Amino acid sequence: MPPADRWDPLDLVQHLGHLFVVRVEAASSGDPAPDLRYTLIGTYLVDALGRDTTGRLVGDTFPEGHPVVSVYHRAIARRAPVRTHGRLDWVDKKYRSFESVLLPLAGADGRIAKFAGAAVYETSERPVVG
């Protein structure tokens, strides 16, 4: 796993609008799962999703068991990148499809310290019904 302190989103400035970063924090609720906090949401992502979650916890943005939360848990368990794709039905935009990648980055202790991710979105010719 690449070290978190060697990765800088500014090294990918031409793609910055598509990038997001999630910091792994100690659980604040007594839950064994760590808290996950968005520390960077690219402007392209904010425009596509219609919201800026920078500074918010993933758990405050999505309920437990939501597919987005499950992706982070899967990446933590596997300690490996995860690719996702589908429709943006979770932000009431079924007419938009997405593809994303989530890359775990290690802290000095070898545990996942943060995730770097990127996403792209496409709009269907006409809205998807149902």
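The values are calculated or read from the model by the stated rules, or taken from the named source; none is laboratory data. Just so we're clear, the structure is a prediction, and the values are computed from it rather than from any experiment. Glycine gets a Cβ as well: all are built from the backbone with ideal geometry, and neighbour counts include every protein chain shown.
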| request: Could you pull out the residue among Arg83, Arg78, Arg87, Arg6 that is surrounded by 12 or more Cβ atoms within 10 Å (Cβ to Cβ) and of a type in the set (Lys, Arg)? | output: Arg87
| (1) free of Cβ contacts under 8 Å to residues at least 60 places away in the same chain; (2) among the aliphatic types (A, V, I, L, M); (3) buried (at least 16 other Cβ atoms within 10 Å of the Cβ): which one isn't true of Val22, the others all being true? | (1)
| query | Are any residues in the range 88-113 part of a strand (DSSP E or B) and modelled with pLDDT under 80, and if so, which ones? | reply | Leu88, Lys93, Lys94, Tyr95, Arg96, Ser97
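The rows are residues; the columns are (1) among the aliphatic types (A, V, I, L, M); (2) within 17 Å of the chain's Cα centre (by Cα).
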{"position": "Asp8", "(1), (2)": "no, yes"}
{"position": "Ala27", "(1), (2)": "yes, no"}
{"position": "Pro32", "(1), (2)": "no, no"}
{"position": "Leu45", "(1), (2)": "yes, yes"}
| request: Evaluate the following for Glu64: is it farther than 14 Å from Gly117 by Cα, among the acidic types (Asp, Glu) and surrounded by 12 or more Cβ atoms within 10 Å (Cβ to Cβ)? | output: no
| Subset of the range 32-68 (residues that are at pLDDT 85 or above and among the hydrophobic types (A, V, I, L, M, F, W, C)) | Leu36, Leu40, Ile41, Leu45, Val46, Leu57, Val58
| query | Identify, please: which residue in the range 37-61 is among the hydrophobic types (A, V, I, L, M, F, W, C) and without any contact (Cβ under 8 Å) to a residue 60 or more places away in the chain and is, among those, surrounded by the most Cβ atoms within 10 Å (Cβ to Cβ)? | reply | Ile41
| Of the numbered conditions (1) in a strand (DSSP E or B); (2) among the hydroxyl-bearing types (Ser, Thr, Tyr); (3) farther than 28 Å from Gln14 by Cα, Ser28 satisfies every one except a single condition; which is it? | (1)
| field | The lone exception for Ala116 - which of (1) surrounded by fewer than 19 Cβ atoms within 10 Å (Cβ to Cβ); (2) small (Gly, Ala, Ser); (3) not in a loop (DSSP other than H, G, I, E, B) it fails | value | (1)
